[in-house]
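Notes follow once the structure below has been shown.
The values are calculated or read from the model by the stated rules, or taken from the named source; none is laboratory data. The model shown is predicted, which means the values in this text are computed figures rather than measured ones. Glycine gets a Cβ as well: all are built from the backbone with ideal geometry, and neighbour counts include every protein chain shown. Note: areas computed on protein heavy atoms with side chains; ligands, DNA, RNA excluded. Shrake-Rupley method; radii C 1.70, N 1.55, O 1.52, S 1.80 Å.
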Amino acid sequence: MTALGTLDDLPPRYLDALAASSTQPLWPSMRSILPYDRPTNRTVPHLWRYREIRPLLMEAGELTPIEKAERRVLMLANPGLQGEPFATASIFFGLQLILPGETAPNHRHSPSAVRLIVEGDGAFTTVEGERCPMAKGDVILTPAQLWHEHEHRGSGPMVWLDALDAPLVTKMEAAYCIEGEPQNAGNRPDSSQTRFRRAGLLPYDRLGKVANSYAQFRYPWTEVRVALADLAGGAGPAEPVQLAYINPETGGSCMPVLGFSAIMLRPGETLAPPRRSSSCGFLVVEGSGEAEIDGKTLSFEENDVMAAPTHATLRLRNGSSREPAFLLQIDDAPMQRALGFYEEFADDRAA
Ligand code: GTQ
Ligand code: FE2
């Protein structure tokens, strides 16, 4: 690697002239714009303990009425990002609380959001007129620019994890939101229960259509859990048990920027995926164990959330030798693939 010239190498007169012409030399900044060999991460491995955050979220329920919040959310701010309210450089995570009888008004925005349900029942999110019931572990999509509102008709608090591609959209100076009239959705079951009931089957009239749309908004956890158990039943001990959430009409990632998948850690299993260029986070749906992210050990329990920077070395260990553990993974691999630079590293240099 060549040692490059610095600003000190240049005459002050020349630097003043550059500043006056709104230009800058690249070569003194080359290694910070293009770090050599691997990226420089600000994002640090981190775990948000649900046990600690839940009381704060409940207190927000007392301190701030829904009308004053629109969305009552505690954002998960990675300590490495110096006050930026993001979990990784490209992933926004927030824990949202809605109380019985409350509604979060109809709106749409340029960032995409996905809900991963943590606790409670009796709430719905309505996306483009489709009413999606929320139950623990469910994944519900709110793609960019689609109308969505939340309503809680049950009893007890309802909490979910919001995952948004807001960091990217904000960086693009393209983030905005508008409010609309309530959607007045009917009682029809959502399409995960009708048109997309089983993997491998598509409504006939959709066959061959290049879908530029979102066919399915909700991915019920009860079905994902069964699918993971069935996958484990047919897998060798060294094969990871992980299922990706896809758009059933395209077979591609369910969202364009962020990717969603479910992992089953079999009893006693340690999962050591290849090092990847993507950043990611995890929501623990069931079980407990340890994550090792770039050498940092984090003990996780049910409902905890974790974040890992790009290019991280990762191990996920199930703490139980009797019960499986289940995690939802959120990553920015779809965006990296779309941009043409996604990588997996077979030889883990950091191991
Ligand atoms: O529930 O619509 O965490 O618009 C951030 C922005 C949640 C939502 C967030 C949002 C929402
Ligand atoms: Fe929203």
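Scanning the range 140-170 for residues that are away from ligand 2 (no atom under 11 Å from the Cβ) and farther than 14 Å from residue 257 by Cα turns up 140, 151, 152, 153, 154, 155, 156, 157, 158, 159, 160, 161.
Regarding residue 44, is this residue surrounded by 14 or more Cβ atoms within 10 Å (Cβ to Cβ), of a type outside the set (S, T, N, Q) and more than 15 Å from ligand 1 (Cβ to nearest atom)? Yes: the conditions hold for residue 44. In the range 152-173, the residue that is farthest from residue 95 (Cα to Cα) out of those that are small (Gly, Ala, Ser) and within 15 Å of ligand 1 (Cβ to nearest atom) is 166. Of the numbered criteria (1) of a type outside the set (Lys, Arg); (2) more than 10 Å from ligand 1 (Cβ to nearest atom); (3) open to solvent by 10 Å² or more (accessible area, probe 1.4 Å), the one residue 107 fails is (2). Looking at the range 297-324, which of its residues are basic (Lys, Arg) and in contact with a Leu (Cβ under 9 Å, 6 or more places away or on another chain)? The answer is 315, 317.
Taking the range 315-337 as the region of interest, how many residues are more than 17 Å from the chain's Cα centre (by Cα) and either aliphatic (A, V, I, L, M) or closer than 29 Å to residue 247 by Cβ (or both)?
Step one: of the range 315-337, the residues more than 17 Å from the chain's Cα centre (by Cα) are 315-325.
Those left that are additionally either aliphatic (A, V, I, L, M) or closer than 29 Å to residue 247 by Cβ (or both): 316, 324-325.
Number satisfying all stated conditions: 3.
I need the full set of residues from the range 116-150 which are open to solvent by 10 Å² or more (accessible area, probe 1.4 Å), within 12 Å of ligand 1 (Cβ to nearest atom) and either more than 26 Å from residue 331 (Cβ to Cβ) or basic (Lys, Arg) (or both), in order please. The answer is 126, 147, 149.
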